[in-house]
Structure formats: C-alpha cells, structure tokens
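Chemist: Take this structure, written in structure tokens, and hold onto it; I'll ask about it next.
Please treat every number below as a calculation from the coordinates, not as lab data. In this text, all values refer to a predicted model and were calculated from it rather than measured experimentally. In this analysis, Cβ positions are derived from the backbone assuming ideal geometry, glycine residues included, and neighbour counts consider all displayed protein chains.
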Amino acid sequence: MRVIAIANQKGGCGKTTTSVNLSACLTEKKQKVLLIDIDPQGHSTLAYNISQRDFQASIYDLFCPDEGKSISIKDTIIKISDYLDLIPSEVILSAVEQKLSGKEQREYKLRSGLAELNNSYDFVILDCPPNIGLLTFNAFLASTEVIIPIDISYFALHGLGKLLETLHIIRKKCDHHLVINALAANYDKRIRLSEEILNIIKKQFHSHFFSSVIHTNVKLKEAVSFGKPITEYNTHCSGYHDYLALSEQVIKGSYLQKQKVDRKICLPQKVDGGVLFSYFSPEALSVCITGDFNEWSSNAEPLFNLSGNGLWQKFIPLPPGQYQYKYVVDGDWHLDPANPKTISGPLGKNSLFKY
Ligand SMILES: Nc1ncnc2c1ncn2[C@@H]1O[C@H](COP(=O)(O)OP(=O)(O)OP(=O)(O)O)[C@@H](O)[C@H]1O
Ligand SMILES: [Mg+2]
C-alpha cells in the first residue's frame with residue numbers, strides 16, 4: 001500500500017485537483033484507491049458531491065472520537081466506485097489541533113488508523129490543508145511519498161524551503177523515510193515567463209520532478225463544480241490526459257528507487273543557465289550555500305535533500321564566470337569537501353568554481 005501526501009502550504013496550487021484526479025486516473029488503471037480528505041475545507045469531499053448529510057463519521061472522528069468511544073478507520077470509509085473509496089472531511093476538523101493539544105502520539109493518529117487497513121488498497125492519497133500544522137504532520141508521518149503541486153508563477157518557490165525543511169526534520173527526528181516529488185500542477189504556457197520559471201523549477205527538483213506536467217485546463221475547474229472527477233466529466237481534454245500520464249508515472253514509481261550517491265557529482269555542475277551545487281551529508285539537518293553570488297548570505301540558498309539519501313542539491317541560475325563559495329551545514333561554514341580548488345579571501349579560504 002503506497003501512501004502519498006499531496007501537500008504544499010501555499011493555497012490554491014492544485015492539491016485538491018491533483019488528489020481527486022490522480023485518484024480517479026489510478027482507478028482507471030485498476031488500482032484500488034482510498035482518497036482521504038484531511039483538509040477542513042472539505043474540497044475533495046465536495047468534488048465527489050458528498051455533503052455532511054451523506055455520512056455518519058468523517059476523518060475528524062478518527063482524530064477525536066466521542067468520549068469513551070473508539071472508532072475504526074473502516075467506519076469512516078464511503079464507497080464511491082469499485083476501485084475508489086473516500087474518507088470525507090468536515091469543517092470541525094479545524095478544531096483538531098486545539099483538541100489534541102498536549103496529547104501523546106497525536107502526530108501518529110492517521111498512521112495508526114491506516115495500519116488497520118492491512119494493505120487493502122494499492123494507493124492511499126491524502127489531500128492536505130494549506131498549512132503545515134498537526135493534520136499535515138499526520139499526513140507526512142503516515143506517508144512514504146509526498147507530491148508537491150506547484151503552480152508555475154513567480155511566487156511558486158516562495159515558502160517551499162520551509163516545507164522541504166519540515167519534511168527533512170520529519171525524516172531525521174522521526175526516522176521516517178519520505179521521497180519528495182514536485183509536480184507542475186497548473187501550467188499556463190500562454191503566460192509570459194512561465195516556460196522560464198518552469199525550467200528553473202525543473203532544474204531545482206531535477207530527477208524529483210514529474211515529467212508529466214498538468215496544463216491549465218478549464219475542464220478541470222468545471223468538473224469540480226459538477227461534483228465529478230475529470231474521468232467522469234470529460235475524457236477528451238488535456239486535463240484528463242495529463243492526469244492519466246501522471247498516474248502512469250506514479251504507478252511505475254521509478255523515482256522511488258534509492259539512487260546511490262556518486263561522489264563525483266558532488267562537484268558543482270554546469271547545467272544550462274546556471275550551476276547545480278551538491279553537498280553530501282546524510283547527517284545534516286540543513287545545508288545552505290553562501291558565496292559572492294549571494295553576498296555571502298548564510299541562509300539565502302537552502303539545498304534540498306529530496307530523496308533522503310544525503311545528497312543535498314540546489315540549482316542557481318548564474319552567468320558564466322568565476323565564483324567563490326562555502327556550504328553552511330547546520331549553521332557551520334565549510335569548504336566544499338569535493339572541490340580541491342580554493343582561494344584565500346580576507347576571512348580565510350573559500351572554495352572556487354569557474355565555468
Ligand atoms: N490545471 C488546472 N487548470 C485549471 N484550473 C485549475 C487547475 N488546477 C487547479 N485549478 C483550479 O485552481 C483552483 C485551486 O485549485 P485546488 O483547489 O486544487 O488548489 P488547492 O491547493 O487544493 O487549494 P487549497 O490550498 O485551498 O486547498 C481551483 O479553482 C481549481 O479548479
Ligand atoms: Mg485543497
């Protein structure tokens with residue numbers, strides 16, 4: 001049973017659209033799917049035209065059962081079709097954080113609930129709320145994969161550092177393996193600069209970026225207002241084909257294979273339009289790069305450890321030239337251990353890179 005959290009604290013970037021339509025396309029490929037709405041806004045629930053009248057129990061009851069009662073996750077499941085089940089959400093879910101405050105194991109409620117399902121699904125898809133609170137934490141600790149939908153705009157990467165840092169802390173502190181993949185979820189190629197921004201984001205996430213991009217398609221918007229996934233609303237549009245292609249990539253899951261880190265690729269690499277910086281450290285909690293290209297700021301450019309194998313990377317758009325830099329590992333400044341070239345500066349030695 002693969003459990004995938006669809007998360008990004010940025011609002012309106014396509015989490016629900018992806019949760020609903022990826023789930024629906026997976027079922028077309030005969031995968032048994034459980035879609036769990038863990039957003040108090042309940043948009044995935046609405047996307048299947050389900051309202052509070054239609055259910056006795058929701059995901060809220062799993063987190064906060066009535067006093068003296070215990071509830072099985074199975075009591076919250078609604079059957080949608082042969083291959084798809086849904087656990088609905090309701091607005092009271094927003095009270096969970098306060099109700100569980102100070103309670104032990106509160107971050108593991110969803111994971112314990114899913115354990116009761118005995119792997120009876122191929123996929124569990126978690127539609128997360130637009131913040132990193134207790135509900136999203138529960139989702140991360142219950143999943144082995146995270147898909148981050150990104151709407152391709154200037155602000156797309158804003159706040160992403162915080163999300164990736166949280167995921168990394170979960171890996172380290174909770175000893176929980178998570179593979180992170182980004183998805184361009186609302187890509188409008190008619191908008192000026194969108195191709196350029198897409199290319200930067202692709203380079204930033206390199207092998208952790210789904211090659212199946214989801215283009216802006218009004219049918220995806222319409223489908224929601226009809227309370228249907230795209231598979232039932234219109235199968236002749238790009239929205240359907242894009243999500244079908246994504247579902248194939250997800251089923252294949254080639255990105256899940258742990259890549260062995262080749263020390264040679266830890267040297268800065270020239271990539272079209274800039275440089276890919278890499279630092280290997282399975283132990284570090286945070287790695288940033290500082291250099292003459294960012295005024296030696298110590299936290300301006302966080303590197304990301306996307307597959308959890310200790311390889312931290314960051315693409316920085318830079319014109320050809322000679323650059324001095326250092327890595328900031330958990331707050332301490334280090335020379336690049338993979339790069340023998342150094343240069344003396346007023347504050348000591350720096351690593352040197354020319355391209
Ligand atoms: N590829 C797309 N083409 C057209 N419209 C889209 C696309 N993806 C998302 N949308 C629209 O953008 C809006 C926000 O999408 P969605 O609800 O999926 O985002 P979200 O991240 O779940 O939002 P929230 O953070 O509020 O939960 C919706 O109106 C949705 O229909
Ligand atoms: Mg949503």
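Chemist: Between H215 and S81, 0.36 nm times their residue separation minus their Cα-Cα distance comes to what?
Modeler: Numbers: separation 134, 0.36 × 134 = 48.24 nm, distance 2.70 nm.
Stretched fully, the H215-S81 segment lengthens by 45.5 nm.
Chemist: A follow-up question, please. When the Kirkwood radius is taken over all Cα pairs of the range 38-111, what Stokes-Einstein diffusion coefficient follows at 37 °C and 0.692 mPa s, in µm²/s? Before the final figure, lay out each step's value.
Modeler: On the way: Rh = 13.0 Å.
Translational D for this selection: 253 µm²/s.
Chemist: Need one number: % antiparallel among DSSP beta bridges in the chain, to the nearest 5.
Modeler: 55 percent
Chemist: Do you know the relative contact order of the chain, to the nearest whole percent, from alpha carbon pairs under 8 angstrom that are 6+ apart?
Modeler: Working: 699 pairs, mean separation 58.9, N = 355.
Worked out over the chain, it gives 17 percent.
Chemist: Additional query: Set the Förster distance to 41 Å, then compute FRET efficiency between Q98 and H206 from the Cβ-Cβ distance, nearest 0.05. Working shown, then result.
Modeler: Details: r = 40 Å, r/R0 = 0.98.
Efficiency, rounded to the nearest 0.05: 0.55.
Chemist: Follow-up. Taking Cα atoms, how many degrees apart are the long axis of helix 238-252 and the longest axis of the chain, rounded to 10 and kept between 0 and 90?
Modeler: Long axis of 238-252 versus the principal axis of the chain: about 80 degrees.
Chemist: Going out from 0 in 10 Å bins, what whole percent of all Cα-Cα distances in the range 263-354 drops into each bin?
Modeler: Bins of 10 Å from zero give 17, 56, 26, 1 percent of pairs.
Chemist: Rounding to the nearest 10 and keeping the result within 0 to 90°, find how far the Cα-based axis of helix 160-173 lies from the longest principal axis of the chain.
Modeler: 80 degrees
Chemist: So for K228, K354, fewest C-beta neighbours within 10 Å to most, what's the order? Walk me through the intermediate numbers first.
Modeler: On the way: K228 17, K354 10.
Arranged by neighbour count, lowest to highest, K228, K354 become K354, K228.
Chemist: Right, something else. Order the peptides 107-114, 93-100 from the highest to the lowest mean number of other Cβ atoms within 10 Å of their residues.
Modeler: On the way: 107-114: 19.4, 93-100: 16.0.
Per-residue mean Cβ counts within 10 Å order the peptides as 107-114, 93-100.
Chemist: If packing is taken as the average number of other Cβ atoms within 10 Å across a peptide's residues, how do 116-122, 156-162 rank, most packed first? Before the final figure, lay out the partial values.
Modeler: Values: 116-122: 13.7, 156-162: 15.7.
The most tightly packed comes first, giving 156-162, 116-122.
Chemist: In addition: Sort all Cα-Cα distances of the chain into consecutive 10 angstrom bins from zero, then give the percent of pairs in each bin up to the one containing the longest distance.
Modeler: Over the chain, the share of Cα pairs per 10 Å bin runs 5, 24, 31, 22, 12, 5, 1, 0 percent.
Chemist: Assuming R0 = 30 Å, what is the FRET efficiency of N199 and E232, from their Cβ-Cβ distance, to the nearest 0.05?
Modeler: Working: r = 34 Å, r/R0 = 1.14.
So, using R0 = 30 Å, E works out to roughly 0.30.
Chemist: Where is the GNM fluctuation largest for the chain (alpha-carbon springs, 10 angstrom cutoff): V329, V218, V33?
Modeler: Looking only at V329, V218, V33, the biggest GNM fluctuation is shown by V218.
Chemist: Sticking with this one: If I fit a long axis through the Cα atoms of helix 194-205 and take the longest principal axis of the Cα atoms of the chain, what angle between them do I get, 0 to 90°, rounded to 10?
Modeler: 80 degrees
Chemist: List, in the order given, every pair from K189/K219; K30/K162; K30/K109; K15/K79; K15/K270; K30/K228 whose Cα-Cα distance in the structure shown is over 26 Å. The partial results should precede the final answer.
Modeler: Working: K189/K219 17 Å; K30/K162 36 Å; K30/K109 29 Å; K15/K79 22 Å; K15/K270 33 Å; K30/K228 18 Å.
Flagged as over cut-off: K30/K162; K30/K109; K15/K270.
Chemist: In what sequence do S225, S58 fall when counting other Cβ within 10 Å, fewest first? Show your work: numbers first, answer last.
Modeler: Working: S225 10, S58 22.
Ascending Cβ contact count within 10 Å gives the list S225, S58.
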